[in-house]
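FYI, it's all coordinate maths here, none of it is from the lab. Computed from a predicted model, the values in this text were never measured in an experiment. Positions of Cβ are backbone-derived with ideal geometry, glycine not excepted, and every protein chain shown enters the neighbour counts.
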Amino acid sequence: MPKVDGYQLNHLIGKGSYGHVFRAEKKISHEIVAIKCIPLKSLSKNSHDNIINEISILKQLKHDFIVQMLDFQWDKAFVYMIFEFCPGGELASIIRLKRSFPEEIVQHFLQQLASAMKYLRDNNVAHLDLKPQNILITGIHFVQLLNGLNSFKVWRQVILKIADFGFSQHLTNDESVDSLRGSPLYMAPEIFKRQKYDARVDLWSIGIILYECLFGRTPLHGMSMSEIAQAYQRNKVHIEFPKNKLSELCYDLLNGLLRIDPEMRISFGNFFSHPFIDLEHMPMVDSFKKAKNIIAKAIDFETKSEYKSAFYNFREALLYLMPLYRWGLPTQPISVKKQEQLRKMIVENMEKAEKLQQKCGIINIDSKLLQEIQSIYNLIDRARDFASKNLYSESLDKFELAFDKSLKIMKENDSKIRNEFFGEINEWMTEAETVKAKYLAEQQQQTSSKEIAKEEKIFVAQEAIELYHNDTKSSTTTDSKPDWYLKLKEPEKSNLSGHSKLLIHKKVDDKKLDKTNDDNDYNNVDNVVDNEPLCFVQ
């Protein structure tokens, strides 16, 4: 067994890209760590470069959902990389045991991964080997996970961390490479096709991980590397999505991630802002402070009799508080006492929002209609994304579908729905016309039936625009102008009964939670103490 200065190696816990990983204990502080021991004699020149690259990248990275490298050492025989210890093991092991996860838990996992990926993109790092084996679990021990696979209380404690940056590279959004790297079942098609590729291969891998968490297997399960390569080369790969088992938002994200053509794949920007992930309202250490500040604004608006603005601010505060109540903070699980205080605060502010909603005449809509409206916003986002890549035909297709859906909803619902959600349809139409002009210029003098059909279809939006303007002209109230603060950002899980009314779905019995947590606190959040109420409503 290798000897690492200052550490006592205990036992083997796994294998990394180039070496064995041991559980170890720091001799002075008794801190438990994981040490990757890489034998130098077995390394090729390329492997040696990869390790140097991994160390240089990891030295720069510090994020809650990325495994932190604490130190590294070397001697004549080994390089030693010392990491924080993750006692929950690999996500791959839990997928094998659990087979598939409910959407709510998958969404929670994906928020953590998306948060880490955003940090990597901000630092121009591409991982290039994302897979469940390289996603480790902390916050809970593997045995506890094993004994509580069906317990929501257990999943609330799970923290995912991306590991093994052996294949990672510094890549800006404009840079590409062509070396073969990754794991076959999670490797993007463009790598198999030996095409130039960029950081978007990580989006494909995340799509495969999402698929596996939802359905218990990868889309190409059982195929060898050569079989996968041949299938991609012959364009014989078609991924099936059991859509009836997914919510509209989850399906939209999965479908956007698993596009074989990287140009058609969802962009990083749209991935991070996608409503299924909803990074903005992910429970973090500053979530409570944000909610508190927004509630203060709501109270101020209410004092000034600006009731509609007050309602929207109360509602926005609830979008921060609800996930915090449901999941707690990633590194500080919420105690029973604190969860009850948070619940009371949510109820009080929800009642406040409901009274303001009735006073302003703001509408409720059912969850099915909400999903349909959300899908229109998603289509507009994809249309803009395609246009930014000069994929004008694909962009027009998305605009066309968004206009068709908008017209259908506007015809079937009253003017309040139209005014509340479709005030930007003029802007969408202008954008579509700009894209159409670029598309026709690109085609130059070609006048194929496809062009003519597309030109005619774009003007279908005119009927929807006329419907909207007829409503706004006939309205006599000043409140009829749409307030575009409502952007449908929240995931459907937090809003099952309608767009404007939030309900608490308290699926966990507080009495069954760990009573030893009662003394825990939100150490990094203002004003959350046992003798002070969690309410800022006067």
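Brief remarks follow.
- Around the amide H of ILE266, modelled in the peptide plane, lie the amide H atoms of LEU257, ARG259, all under 5 Å away and 5 or more residues distant in sequence or on another chain.
- Rounded to the nearest 0.05, the FRET efficiency derived from the C-beta distance between ASN235 and GLU442 at R0 = 22 Å is 0.35.
- Packing-based ranking of 81-91, 414-424, 354-364, 215-225 yields 81-91, 414-424, 354-364, 215-225, ordered from highest to lowest mean Cβ neighbour count within 10 Å.
- HN-Hα J in Hz across the range 394-409 - Karplus 6.51, -1.76, 1.60, θ = phi - 60°, x for Gly and Pro: 5, 4, 5, 4, 5, 4, 4, 5, 5, 5, 4, 5, 4, 4, 4, 5
- Scoring 267-273, 315-321 by mean Cβ neighbours within 10 Å over their residues and listing the highest first yields 315-321, 267-273.
- Residue-wise HN-Hα coupling along the range 256-263, computed from phi with Karplus coefficients 6.51, -1.76, 1.60 (Hz; x: Gly, Pro): x, 6, 9, 9, 4, 7, x, 5
- Segments 299-309, 250-260 sorted - mean Cβ within 10 Å per residue, highest first: 250-260, 299-309
- Nonlocal amide H pairs with VAL79, under 5 Å, H built at 1.01 Å: ILE38, LEU40
- Calculated from backbone phi, Karplus (6.51, -1.76, 1.60) coupling profile of the range 215-228 in Hz, x at Gly/Pro: 10, x, 7, 7, x, 10, 4, x, 8, 7, 4, 5, 5, 5
- Separation in nanometres of the label points that stand 7 Å from Cα toward Cβ, at VAL347 and GLN371: 3.0
- Built amide H within the under 5 Å cut-off of GLN68, gap 5+: GLU84
- In whole percents, the pair-distance distribution calculated for the range 89-277 from its alpha-carbon pairs, binned every 10 Å from zero, is 9, 38, 38, 14, 1.
- Sequence-separation-based contact order of the range 7-84, relative, with Cα cut under 8 Å and 6+ spacing, percent: 26
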